[in-house]
Amino acid sequence: MRRSWLTAASALAAIATDSPEASAQLFTAPSEVDFADTLVGSTSSEEFSVVVRETITSGEIFAAAAPFSGGPVSLGTTKAQVFATYNFAPTITGTATDSIGVGAANLGAKTEQSGTILLSGLGVAPVESVSTGSAPVARIGTSSLQTVTVSNTGDGNLSGLGDSSDLHGSLGASTGVFAGSGGSFDLADSSQTSFDYTFTPVAHGTATATVTANFLNGSPDGKNQAASQDVTLSGQGVGPEYSSSTAPGGVVDLGTINLGGTGAGDLEISNISTDPTSTSPTLTELSLLAADFQGEPPGFALENFVPDTVLSEGDSFDLKISFDATSLGMQTADLAITTDQNSAFGQMGQTFDYQIVADVVPVPEPRTWVMLLTGFGLAGLRLARGSGRRKPATPGPQQEK
């Protein structure tokens, strides 16, 4: 809006006269005042001058609107260089502008002049950004790293205020499946720092945890305020999965065996894991490190076991167990299968135990067999003779005379 440059008293006098003419150059003023890059939340000031070239009745530099401030400033009435100081206090990043009016009038000469001064400034600030690396895939019993990167993507250092324009804050600690101490950070523009959390899975599948990033400044909305952000840590636990035809802890029965004879049985061992193995097959391969009878019981043996046998996902191995019956009665042996399950590939891990049993009975002596056969024969003969002796038929009524 155009503003009259007359004071209240001179305005009354001007009613009876002609309106001033806008032809004379009563002053010169800058067309633009550019403020330095200013940190959001702080204030910068710029001084400029308006030169009054003629005697004037009144004149003024208008007041500025937020985020600028300053004015109004009187231009006086005499020729002079009038200095004015205006301020810029940005509340958000980006360019801000305001046009302020400046004008003067000489009622005696019936002249006036008006114009505008463009105030412009750039609000700058640090801006936080948090990202996580790819979710690690780790074998159960081993560890991998989940990385969290904190970055300052802002431009606060353009303000020239040094450390106060850096991004400041801290990242929280975590314990358990994801373990890391976190820490504090002070980041200049376009810089970043990373924090590692050790992922040690204890089960198959996805595991997550949450840590919090607390920022003292550098909110992502550009307002350079304090902020917090929850960061989700994620990882995939994988590994082999042992299975057997007889459940671990169970009994493998070789049956009844004659003394002096031999018996046999088997135990099928499988890796039934279905975990993803895109990064490395060894993440889910099952190593059969050892198979041993505890205490070396007599007669029991493993026929085809080779230490460090490796079963990939879906593979099976049929362990052959043999027994030489040298003693009567129920014979038992404790078998332990040592694997790398729940451990690094090829390293000692989980052990699975079984009881192997065989019932050894005596072999009948030859004399016993003869007696048994003789007994069977006599019994058969008696049955045959008994069926051959028939009773005489009883005469019926028609046979009687």
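Quick note: the coordinates plus some simple rules give every number you see, no bench work behind them. In this text, all values refer to a predicted model and were calculated from it rather than measured experimentally. Virtual Cβ from ideal backbone geometry, glycine too; neighbours counted across all protein chains shown.
FRET efficiency for Asp221 and Ser143, Cβ-Cβ distance as r, R0 = 41 Å, nearest 0.05?
Here the calculated transfer efficiency is 0.65.
If a paramagnetic tag sat 7 Å from the Cα of Ser134 along the Cα-Cβ line, which residues of region 221-242 would have the backbone N under 18 Å from that point?
233-239
Expressed in nm to one decimal, what extension gain is obtained for the pair Lys79 and Ser164 from 0.36 nm per residue of sequence separation less their Cα-Cα distance?
Full extension of this stretch gives 26.2 nm more.
Using alpha carbons only, how many angstrom separate the centre of region 184-238 from the centre of region 266-326?
43 Å
Just one of (1) 22, 46, 27, 5, 1; (2) 29, 55, 15, 0; (3) 18, 21, 18, 15, 12, 8, 5, 3, 1, 0 is P(r) over Cα pairs in 20 Å bins from 0, in percent as worked out from the coordinates here. Which one is it?
(3)
Taking 0.36 nm per intervening residue step and subtracting the Cα-Cα distance, what contour gain separates Glu303 from Asp230 on full extension? All intermediate terms of the calculation are to be shown ahead of the outcome.
On the way: separation 73, 0.36 × 73 = 26.28 nm, distance 5.74 nm.
Roughly 20.5 nm would be gained on extension.
Peptides 253-260, 217-224: what's the order by average Cβ count within 10 Å, highest mean first?
In descending order of packing, they fall as 217-224, 253-260.
Using a simple spin-label model with points 7 Å from Cα along the Cα→Cβ vector, what separation in nm is obtained for Thr116 and Thr326?
For Thr116 paired with Thr326, the spin-label model returns 11.1 nm.
Report, in debye and to the nearest 20, how large the dipole of the chain comes out about its Cα centre when Lys and Arg carry +1 and Asp and Glu carry -1 on their Cβ. Write down the numbers at each step before the final one.
Numbers: 15 positive and 40 negative charges, 428 e Å.
Its charge dipole is roughly 2060 debye.
Taking 0.36 nm per intervening residue step and subtracting the Cα-Cα distance, what contour gain separates Ala109 from Gln25 on full extension?
Values: separation 84, 0.36 × 84 = 30.24 nm, distance 1.18 nm.
Once the chain is fully extended between Ala109 and Gln25, it gains 29.1 nm.
Would you work out if region 238-362 is rounded, prolate or oblate? Take a ≥ b ≥ c from the square roots of the eigenvalues of the alpha-carbon gyration tensor; rounded if a/c is under 1.5, else prolate when a/b is larger than b/c, oblate otherwise.
prolate
Report, in deg cm²/dmol and to the nearest 500, the calculated mean residue ellipticity at 222 nm for the chain, where each DSSP H run with n ≥ 4 adds -39500 (n - 2.57) and the sum is divided by the residue count.
-2500 deg cm²/dmol
What longest range of the chain stays clear of loop-exposed GluC sites (Glu not before Pro) (DSSP non-H/G/I/E/B, at most 12 other C-beta within 10 angstrom)?
Of all site-free stretches, the longest is 1-302.
Could you check what % of the DSSP bridge pairs in the chain are antiparallel, to the nearest 5?
Within the chain, antiparallel bridges account for around 85 percent of the total.
Place a point 7 Å from the Cα of Asp359 along the Cα-to-Cβ direction; which residues of region 253-291 have their backbone N under 13 Å from it?
Of the residues in region 253-291, 253-258 have backbone N under 13 Å from the label point off Asp359.
Take Ile272, project a point 7 Å from its Cα along the Cβ direction, then tell me which residues of region 230-265 have their backbone nitrogen under 18 Å from it.
From region 230-265, the list is 238-252.
Would you mind computing, in nm to one decimal, how far apart the modelled labels at Ser245 and Ala173 are, each placed 7 Å from Cα along Cα→Cβ?
With each label placed 7 Å out from Cα toward Cβ, I get 5.3 nm.
Among Thr116, Ile92, Leu267, which residue has its Cα positioned farthest towards the positive end of the charge dipole of the chain, with +1 placed on the Cβ of Lys and Arg, -1 on the Cβ of Asp and Glu, and the dipole taken about the Cα centre?
Result: Leu267, furthest along the dipole toward the positive end.
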